[in-house]
Every structure is written in C-alpha cells, then in structure tokens.
1. Residue by residue, what Karplus-based ³J(HN,Hα) values in Hz, rounded to whole numbers, does the range 115-132 have, using 6.51, -1.76 and 1.60 with θ = phi - 60° and x for Gly and Pro?
2. Using helices alone, I'd like the mean residue ellipticity at 222 nm for the chain: each DSSP H run of four-plus residues gives -39500 (n - 2.57), total over residue count, nearest 500.
3. Identify the residues of the range 99-123 with backbone N under 18 Å of a label point that sits 7 angstrom from the Cα of ALA166 along the Cα-to-Cβ direction, or state none.
4. Run the numbers on the chain and let me know its relative contact order in percent, using alpha-carbon pairs under 8 Å that are six or more apart.
5. Given a 10 angstrom Cα cut-off, can you work out which residue in THR57, THR150, THR193 is the most mobile in a GNM of the chain?
6. Kindly flag which residue pairs out of LYS170/LYS210; LYS102/LYS135; LYS72/LYS92 have an alpha-carbon separation exceeding 31 Å in this structure.
7. Can you compute 3J(HN,Hα) from phi for each residue in the range 183-191, using the Karplus curve 6.51 cos²θ - 1.76 cosθ + 1.60 with θ = phi - 60°, rounded to whole Hz and x for Gly and Pro?
8. Check VAL175: other-chain or 5+ apart residues with amide H under 5 Å from its amide H, H built from backbone geometry?
Amino acid sequence: MRFDRCKKLFGDDFTKLQNAKVLVLGVGGVGGMLVDCLARSGVGYIMIVDDDIFDETNQNRQLYSEYVGEKKVEVFVKKYECIEPIFQRVTKEWVEKFDFEKFDVVVDAIDDIPAKVALAVKCHDKLISSMGSAKRVDPLMIEVKDIWKTYGDKLAKKFRYELKKAGFSKKFDVVFSSEEPKCNEMGSFMGVTGSFGLTLCSLVVKRLVKFE
C-alpha cells in the first residue's frame, strides 16, 4: 500500500500526519521539493501559494518543470489530491490579510523580504523559513538554527536586519547554508535546492509527530 513504509516508521503517529494541515508559500526549487516530500509522507492537507509559471529555465532543479507554460500550483494538484492551490503572489499585504489559524505548520519558501518579515510577525509560532539556496554546491553545509543564530547567508542577514527594524525579537527555525556563494549571478544546483526542501520536510514532519 502507498504509505505502508511511512506507517512502519511513525507507527500510531502516522495519523497525525494524515490529519495535519500545512501551508507552503512558494513552490520553486525548494518549495516544490518540500511539497512533494510532504505529500509522499502522508500529510493530509497541503495548501500551496505561488504565482509563477513553469519555464524551461526551471528544468535544472524544479520538480514537474516539464509542464512548461503551466501554473506551478496547478501542476502539483495534478500530482496529489491532498493539495489545495492558490495562484497568488505572496506579498506583505497578502500575508497581513490571510488567516493562518487552521494550519499546524507554515513554511516560507519565498525570497520577498517584506513578506517574510510579515510572516514572522504574524505566525512565528507556526513558521519554518528557508534562507538562500542558490549559488551553492555543498548540501553538507546546510544547517537548521533559529533565525538569530544564522551566519554566512546574505538573505538571512537582510532578514535579521529587517526583523529588528520591525521590532521583532522572537525565535523560529530556519534552514540556511553558510557556504560561500560560487557565482555572482543566480546560479542554482538541485543537489542543494532539493536538499533545502527535504530538510524543511523533515522539520515539518518532526514537528507534527513530535518525533525526536
């Protein structure tokens, strides 16, 4: 059966995954791998929010990017019945209006700093956030820490600065890499972007089932 091996691993706690509600913001190289992993792990309800369309340049790293010209969120619906899509850009204004109450975990896989700050302010107690995965080649340098303990990541540095400006001082987990960027332009490697997504999935699953 589809989830037999997940059930063997999690035992009675597997029902917690089936009953969970997870919100994923951004389904690119990181978020797409995360969503795929969550669905394959048995999470019962996954809402995804993104306003992007697959193009050929996504094919070096993004799952299902063979569907060139199609909305990413709608492609994921074709793959998994547990997914509810929202074709929408995640902005500060959207975050401020959106109701996060029903979700057990919220995962931020976007790059927009004002929106990331708004997410932290509004739902830090449910939040797991991704920092920069581009320009890197070594997945062994990926770490998980609270946002205030990150280092060697320009996106995380900017994020911390803007959080301080907003008067925010609470903690939440982020996935980041301290690896020095290997190029100036937005180069990317699935060995790292995918590993970011899988790390995020592991954090979500452990949080849902309290698996130590």
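1. 5, 5, 5, 4, 5, 4, 5, 7, 9, 4, 5, 10, 8, 10, 10, 9, 9, x
2. Numbers: 8 runs with 81 residues, N = 212.
Theoretical 222 nm ellipticity from helices: -11500 deg cm²/dmol.
3. Backbone N within reach: 99-101, 105-123.
4. Taking the mean separation of contacting Cα pairs over the length of the chain, I get 23 percent.
5. Most flexible of the set in this elastic network: THR57.
6. Too far apart for the 31 Å limit: LYS102/LYS135.
7. Listing the rounded values in order: 7, 8, 7, 7, x, 8, 9, 4, x Hz.
8. SER129, SER130, MET131
None of the figures in this text is laboratory data; all of them are computed from the coordinates on show. Keep in mind that what you see is a predicted model, and the values were worked out from it rather than measured. Reconstructed Cβ throughout: ideal geometry from the backbone, glycine too, with neighbour counts over all protein chains shown.
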